[in-house]
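Peer 1: Before we start, here is the structure in question, set down as structure tokens.
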Amino acid sequence: MSRPRLSVVVPCFNEQEVLAETAARLQSLLESLVQAGKIDATSNVWFVDDGSRDKTWEIIERLCKESHCIRGVKLSKNRGHQQALVAGLFCADGEAVVSIDADLQDDVAVIEHMIDRHREGADVVFGVRKSREKDTFFKRQTAEVFYRLMNWLGAESIRHHADFRLMSRRAVEAFASYREVNLFLRGIIPTLGFRTAIVEYDRGDRFAGTSKYPLRKMIAFALEGITSFSVTPLRMITATGFLVFAATLVMTAWVLWARFFTGEAVPGWASTVLPLYFVGGVQILCLGVMGEYLGKIYTEVKARPRYLIEAMAGVPAEGSAPASYG
Ligand code: UDP
Ligand code: MG
């Protein structure tokens with residue numbers, strides 16, 4: 001059976017507390033997999049420093065010096081988890097690439113099962129959490145609302161799958177041809193097709209440091225996911241517009257009827273002012289949704305690079321590291 005070269009990609013943003021431990025665990029995993037004859041001896045780990053402000057890059061550089069199987073990529077500034085992941089996927093040279101968070105909340109031992117599925121022919125293997133017990137109540141609830149909303153809006157995503165997955169070289173290359181800047185990997189990867197598989201695992205606690213996903217980033221991420229994958233909000237505008245129009249027709253008929261057939265005093269103020277506010281509100285809301293998509297088009301047509309690499313460490317051609325982009 002084939003022994004693919006495995007690259008593990010780890011996006012890191014201010015992860016100085018966890019890096020050394022993460023590197024040690026991943027390294028020992030690689031060693032045992034090499035021993036078991038499941039992966040090639042040239043397998044490696046790629047740490048992508050997503051513009052950290054702490055000692056993350058210094059630690060990565062040190063790890064690269066200490067071990068032949070560790071590589072570092074430093075992005076020029078903080079671009080967010082998804083972009084850091086993409087940078088890692090494109091830099092990594094493995095025949096199979098596994099992405100995993102730096103905090104090791106995802107069980108590294110599961111990588112072995114992912115490799116097994118890959119060796120059986122799967123191009124994409126999704127890591128799926130069995131339960132979310134370890135997440136806070138708030139995170140669980142918001143995630144649930146998010147999945148529901150996504151599905152309802154027609155953007156299918158794999159439930160309880162975060163960004164812990166294996167991709168074959170072929171799948172990574174196919175993904176590279178998707179040039180969109182607004183990235184929501186969990187939505188895009190399933191649309192690639194190919195043979196896929198799922199492995200289940202239990203998600204643990206972050207073993208050190210704090211979450212790098214505050215509420216602000218979570219909301220931005222959810223909005224990104226929805227507007228990158230669904231045009232339903234745009235259609236809802238049309239529906240709202242239609243409803244308001246119909247309601248206005250009915251109201252007009254009623255006002256005319258009241259004026260000509262009942263002789264009652266027409267309630268002038270309410271019928272003039274209330275619709276004004278109402279329609280005004282609806283219009284502003286609609287403009288907001290339109291703006292959301294317009295903003296997307298704006299960033300896409302600029303076609304700016306998704307990330308810039310400032311430095312590399314541990315790669316053979318070091319020193320002449322070009323300021324590359326993707
Ligand atoms: N991360 C990143 N850039 C960011 C935010 C997060 O590269 O702007 C990385 C972070 O270092 C970690 C992963 O994304 O490896 C997931 O973040 P975290 O564990 O904080 O998220 P949570 O598990 O709380 O959802
Ligand atoms: Mg985490």
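The values are calculated or read from the model by the stated rules, or taken from the named source; none is laboratory data. Remember, predicted model here, so these are calculated numbers, not experimental data. Cβ atoms come from the backbone with ideal geometry, glycine included; neighbour counts cover every protein chain shown. Just so you know, the surface numbers come from the protein's heavy atoms only, side chains and all, with ligands and any DNA or RNA stripped out. Shrake-Rupley method; radii C 1.70, N 1.55, O 1.52, S 1.80 Å.
Peer 1: Working only within the stretch 64-97, note down all residues that are within 16 Å of ligand 2 (Cβ to nearest atom) and either in contact with a helix residue (DSSP H, G or I) (Cβ under 9 Å, 6 or more places away or on another chain) or open to solvent by 10 Å² or more (accessible area, probe 1.4 Å) (or both).
Peer 2: Selection gives G80, H81, Q82, L85.
Peer 1: In the stretch 72-118, which residues are of a type in the set (V, I, T) and either assigned to a helix (DSSP H, G or I) or closer than 9 Å to P11 by Cα (or both)? Give the steps one after another, and end with the answer.
Peer 2: Filtering the stretch 72-118 down to residues of a type in the set (V, I, T) leaves 73, 86, 97-98, 100, 108, 110-111, 115.
Those that are of a type in the set (V, I, T) and either assigned to a helix (DSSP H, G or I) or closer than 9 Å to P11 by Cα (or both): V86, I100, V110, I111, I115.
Peer 1: Right, something else. Any chance you could count how many residues in the stretch 292-313 are modelled with pLDDT of 75 or more, open to solvent by 40 Å² or more (accessible area, probe 1.4 Å), out of contact with any Asp or Glu (no Cβ under 7 Å at 6 or more places or on another chain) and not aliphatic (A, V, I, L, M)?
Peer 2: 2
Peer 1: Tell me which residues, restricted to the stretch 193-211, are assigned to a loop (DSSP other than H, G, I, E, B), of a type in the set (F, W, Y), in contact with an Asp or Glu (Cβ under 6 Å, 6 or more places away or on another chain) and within 16 Å of ligand 2 (Cβ to nearest atom).
Peer 2: None; the set is empty.
Peer 1: Restricting to the stretch 94-137, name every residue that is acidic (D, E) and within 16 Å of ligand 1 (Cβ to nearest atom).
Peer 2: D101, D103, D106, D107, E133, D135 - these are the residues of the stretch 94-137 that are acidic (D, E) and within 16 Å of ligand 1 (Cβ to nearest atom).
Residue by residue, here is whether (1) assigned to a loop (DSSP other than H, G, I, E, B); (2) within 26 Å of the chain's Cα centre (by Cα); (3) not aliphatic (A, V, I, L, M) holds:
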residue: R25; (1), (2), (3): no, yes, yes
residue: L29; (1), (2), (3): no, yes, no
residue: V34; (1), (2), (3): no, no, no
residue: T42; (1), (2), (3): yes, no, yes
residue: V45; (1), (2), (3): no, yes, no
residue: V48; (1), (2), (3): no, yes, no
residue: I59; (1), (2), (3): no, yes, no
residue: L63; (1), (2), (3): no, no, no
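Peer 1: Also, I was wondering about something else. Of everything in the stretch 15-37, what is modelled with pLDDT of 90 or more, under 30 Å from E120 (Cβ atoms) and either among the polar types (S, T, N, Q) or open to solvent by less than 60 Å² (accessible area, probe 1.4 Å) (or both)? Give them in sequence order.
Peer 2: T22, A23, A24, L26, Q27, S28, L29, L30, S32, L33, V34, Q35
Peer 1: Look at A222 and say whether it is exposed (fewer than 15 other Cβ atoms within 10 Å of the Cβ) and out of contact with any His (no Cβ under 9 Å at 6 or more places or on another chain).
Peer 2: no
Peer 1: Just to verify a result, which residue in the stretch 155-177, among those that are exposed (fewer than 15 other Cβ atoms within 10 Å of the Cβ) and more than 17 Å from the chain's Cα centre (by Cα), is modelled with the lowest pLDDT?
Peer 2: S177
Peer 1: Mind telling me which of the residues V97, V110 ends up being at pLDDT 95 or above and among the hydrophobic types (A, V, I, L, M, F, W, C)?
Peer 2: Being at pLDDT 95 or above and among the hydrophobic types (A, V, I, L, M, F, W, C) holds for just one of V97, V110, which is V97.
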